[in-house]
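Heads up: the structure comes next, in structure tokens.
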Amino acid sequence: MSAGRAVAGGPGQWPVQDVVGVGFGPANLALAVAVAEQNAHGGGRGLRSVFVERQQEFGWHRGMLLPGATMQVSFLKDLATMRDPGSRFTFLRYLHDKGRLADFINQKSFFPTRVEFHDYLRWCAAMVEDQVRYGRQVYALRPAADGDGPASVLEVHTRPADGEASGDEVLRTRNVVLGTGLVPRFPENVTPGPRVWHSSELLPRAAALKDRPARRFVVVGAGQSGAEAAEFLHREFPDAEVCAVFSRYGYSPADDSPFANRIFDPAAVDDFYTAPDEVKESLLGYHANTNYSVVDGELIEQLYRTVYQEKVAGTERLRILNATALTAVEEHPQGVRVALRPLIDGDPRTLDCDAVVLATGYRPSDPRTLLGPLAEHCLTDGQGRLRIGRDHRIATTGAVRAGIYLQGAATEHTHGITSSLLSTLAVRAGEICDALLLDRAQRTDAGAEAADLAAETGTVPLPTP
Ligand code: FDA
């Protein structure tokens, strides 16, 4: 063992875990909740689990917790209700615990604010805190050197997320669940800088500009984040002009009608999973407008009203530069110059502004970057995409016995459009939890299990970061 690197799970140390979760956003938080409930009520030895999160505390898209912004999903699609409405982790239990149940009901809405839902998620996270290592970044997964057979134990290499060189730590586990979420996407040829930010950083970056007079913002993108950013900046900076730039002709509404909404049901995951490839592609295409590059209808109405009322008053502050492409962004100490190409007349123009917000979406984080040498043992389909079982386990060659599970947008090609969303988290977490229990029951290496149990006798509690 190299200096400064502790191995958790070595002889006489922490036991090998049943599961290590990489990332602790809502997806792996839902799994921690399912594991906690299983351990409380399932009988027998509970699943041993650790979740590793690089943030110093629980946080869900904090940079976009805009005042008043509401959830795009019913509160009933919380971390537990769809799996077990009687769970102590439901949104209703949270409301009851906070003394707001009656007040919430009186609102007559299924859609809490994002700020409130974030508080609910934090409330859940606090109840499973003993399973989480905050402030640590997972940087590699490797098979543990356990002899000549298939790798049945994996090493999860972690280091402090603040970049501290010492303090590397290795967890050993029979299964990992990757839940590393989404990564901001930037337009080609645009480099982020002090005045050019992705929408995921909107709140802290805008707060830093508050004490300086801002004259103009440019917001790029016609999706929900773009519309929210335009509305937020227009409201928070009453002296500034906000130019919304996008290539569409107008903001388009998200289809949240009941039949289309069934694409987010747990049963739709079964349908999608078993559908032929060409049907999967068609379904993703037909229903992209439930989620991608679309905006909540009420927000569209609100923005339109603002534009119209400003026209009436002759003080246009919210300007919609539609059918327009962003071609370049040049940042200088006093501000930013953006180059635009209107798609209809093609006549290029420039705009000077104080800051540019790139609401240009996200891409799934690529699990292969973490998998390292394990990636070559992961099976792929004809298009080079990971093959993933219905139970969310990545198919591997016989050289890997340990389970590698994947949650989130990187499973959209197998599990459908709900993969990157909250809608089926409760049910999905239950499915993964069941798979982990089944895996443990099927383990034939009883010797290793006995060694784990012996090590458990001297278990050292996980240190808090
Ligand atoms: P998420 O990205 O939330 O979490 C991943 C976690 O992994 C992060 O905490 C990250 O720090 C951590 N991590 C990553 N790499 C790591 C590493 N190597 N080591 C340690 N930790 C690591 N969906 C919906 O259904 N309804 C809604 O209302 C919304 N609203 C919404 C608003 C905004 C502004 C955004 C950007 C997105 C939404 N979404 C949404 C979609 C969103 O993807 C979803 O709500 C969840 O965030 C998905 O949860 P995950 O845990 O998969 O990813």
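Among the residues of segment 32-71, how many are among the aromatic types (F, W, Y) and either more than 12 Å from the ligand (Cβ to nearest atom) or open to solvent by 20 Å² or more (accessible area, probe 1.4 Å) (or both)?
Residues meeting the conditions: 1.
Output the residue which, of all residues in segment 131-146 that are over 25 Å from A409 (Cβ atoms) and not small (G, A, S), is least open to solvent (accessible area, probe 1.4 Å).
Keep residues of segment 131-146 that are over 25 Å from A409 (Cβ atoms), which gives 143-146.
Then keep just the ones that are not small (G, A, S); that gives 143, 146.
On the way: P143: 58, D146: 81 Å².
Restricting to residues being over 25 Å from A409 (Cβ atoms) and not small (G, A, S), the top hit is P143.
Residue-wise test of (1) of a type in the set (D, E, K, R); (2) modelled with pLDDT of 95 or more; (3) under 19 Å from the mean Cα position of the chain (by Cα); (4) closer than 28 Å to T414 by Cβ.
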site	(1), (2), (3), (4)
V176	no, yes, yes, yes
E188	yes, no, no, no
L202	no, yes, yes, no
A208	no, no, no, no
P213	no, no, no, no
R216	yes, yes, no, no
G250	no, yes, no, no
N261	no, yes, no, yes
A267	no, yes, no, yes
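Looking at (1) within 27 Å of Y292 (Cβ to Cβ); (2) within 16 Å of the ligand (Cβ to nearest atom); (3) at pLDDT below 95; (4) open to solvent by less than 50 Å² (accessible area, probe 1.4 Å), which is the one condition that is false for G384?
Answer for G384: the failing condition is (2).
Going by the structure shown, is D84 in contact with a Ser or Thr (Cβ under 9 Å, 6 or more places away or on another chain) and away from the ligand (no atom under 16 Å from the Cβ)? Break it down into steps so the answer makes sense when it comes.
Working: in contact with a Ser or Thr (Cβ under 9 Å, 6 or more places away or on another chain): yes; away from the ligand (no atom under 16 Å from the Cβ): yes.
It is true that D84 is in contact with a Ser or Thr (Cβ under 9 Å, 6 or more places away or on another chain) and away from the ligand (no atom under 16 Å from the Cβ).
If I ask for residues that are of a type in the set (A, V, I, L, M, F, W, C), loosely packed, with under 15 Cβ neighbours inside 10 Å and away from the ligand (no atom under 14 Å from the Cβ), which ones from segment 147-185 would you list?
Taking segment 147-185 and keeping what is of a type in the set (A, V, I, L, M, F, W, C), we get 151, 153-154, 156, 161, 165, 170-171, 176-178, 182-183.
Filter once more, so that each one left must be loosely packed, with under 15 Cβ neighbours inside 10 Å: 165, 183.
The one that is of a type in the set (A, V, I, L, M, F, W, C), loosely packed, with under 15 Cβ neighbours inside 10 Å and away from the ligand (no atom under 14 Å from the Cβ): A165.
Going by the structure shown, is D391 out of contact with any Pro (no Cβ under 8 Å at 6 or more places or on another chain), on the phi < 0 side of the Ramachandran plot, acidic (D, E) and open to solvent by 40 Å² or more (accessible area, probe 1.4 Å)? Break it down into steps so the answer makes sense when it comes.
Working: out of contact with any Pro (no Cβ under 8 Å at 6 or more places or on another chain): yes; on the phi < 0 side of the Ramachandran plot: yes; acidic (D, E): yes; open to solvent by 40 Å² or more (accessible area, probe 1.4 Å): yes.
Spelling it out, D391 is indeed out of contact with any Pro (no Cβ under 8 Å at 6 or more places or on another chain), on the phi < 0 side of the Ramachandran plot, acidic (D, E) and open to solvent by 40 Å² or more (accessible area, probe 1.4 Å).
Restricted to segment 151-164, and to residues that are assigned to a loop (DSSP other than H, G, I, E, B) and touching a strand residue (DSSP E or B) at 6+ places or on another chain (Cβ under 8 Å), which residue is farthest from A399 (Cα to Cα)?
Restricting to residues being assigned to a loop (DSSP other than H, G, I, E, B) and touching a strand residue (DSSP E or B) at 6+ places or on another chain (Cβ under 8 Å), the top hit is A161.
Given the condition at pLDDT 95 or above, more than 10 Å from the ligand (Cβ to nearest atom) and among the aliphatic types (A, V, I, L, M), answer yes or no: does some residue in segment 359-370 qualify?
Within segment 359-370, none of the residues are at pLDDT 95 or above, more than 10 Å from the ligand (Cβ to nearest atom) and among the aliphatic types (A, V, I, L, M).
Go over the candidates A27, A8 one by one and state the one that is modelled with pLDDT under 95, touching a Leu at 6+ places or on another chain (Cβ under 7 Å) and either of a type in the set (G, A, S) or within 12 Å of the ligand (Cβ to nearest atom) (or both).
Details: A27 fails: modelled with pLDDT under 95.
Every option except A8 fails the conditions.
Counting just the residues of segment 333-364 that are among the charged types (D, E, K, R) and in a strand (DSSP E or B), which one comes out nearest to the chain's Cα centre (by Cα)?
If we take residues in segment 333-364 being among the charged types (D, E, K, R) and in a strand (DSSP E or B), then R363 is nearest to the chain's Cα centre (by Cα).
What's the number of the only condition in (1) out of contact with any Leu (no Cβ under 9 Å at 6 or more places or on another chain); (2) without any contact (Cβ under 8 Å) to a residue 40 or more places away in the chain; (3) within 26 Å of A426 (Cβ to Cβ) that A288 fails to meet?
The single condition A288 does not satisfy is (2).
Among the residues of segment 214-230, are any surrounded by fewer than 21 Cβ atoms within 10 Å (Cβ to Cβ), in a strand (DSSP E or B) and within 16 Å of the ligand (Cβ to nearest atom)?
No, segment 214-230 contains no residue that is surrounded by fewer than 21 Cβ atoms within 10 Å (Cβ to Cβ), in a strand (DSSP E or B) and within 16 Å of the ligand (Cβ to nearest atom).
Spot the failing condition for A125; the list is (1) open to solvent by less than 20 Å² (accessible area, probe 1.4 Å); (2) away from the ligand (no atom under 14 Å from the Cβ), and only one is missed.
(2)
Within segment 238-332, considering only helices (runs of 4 or more DSSP H) that don't extend past its boundaries, which have at least 1 residues that are open to solvent by 90 Å² or more (accessible area, probe 1.4 Å) and within 30 Å of G382 (Cβ to Cβ)? Please lay out each step first, then the result.
On the way: elements: 258-261, 266-274, 277-286, 297-313.
Those helices (runs of 4 or more DSSP H) span 266-274, 277-286.
The values are calculated or read from the model by the stated rules, or taken from the named source; none is laboratory data. Everything numeric in this text was worked out from a predicted model, so none of it was measured. Every residue, glycine as well, gets a Cβ built from its backbone with ideal geometry; the counts of neighbours run over all protein chains shown. Side chains are part of the model used for accessible areas, which takes the heavy atoms of the whole protein and leaves out ligands, DNA and RNA. Shrake-Rupley method; radii C 1.70, N 1.55, O 1.52, S 1.80 Å.
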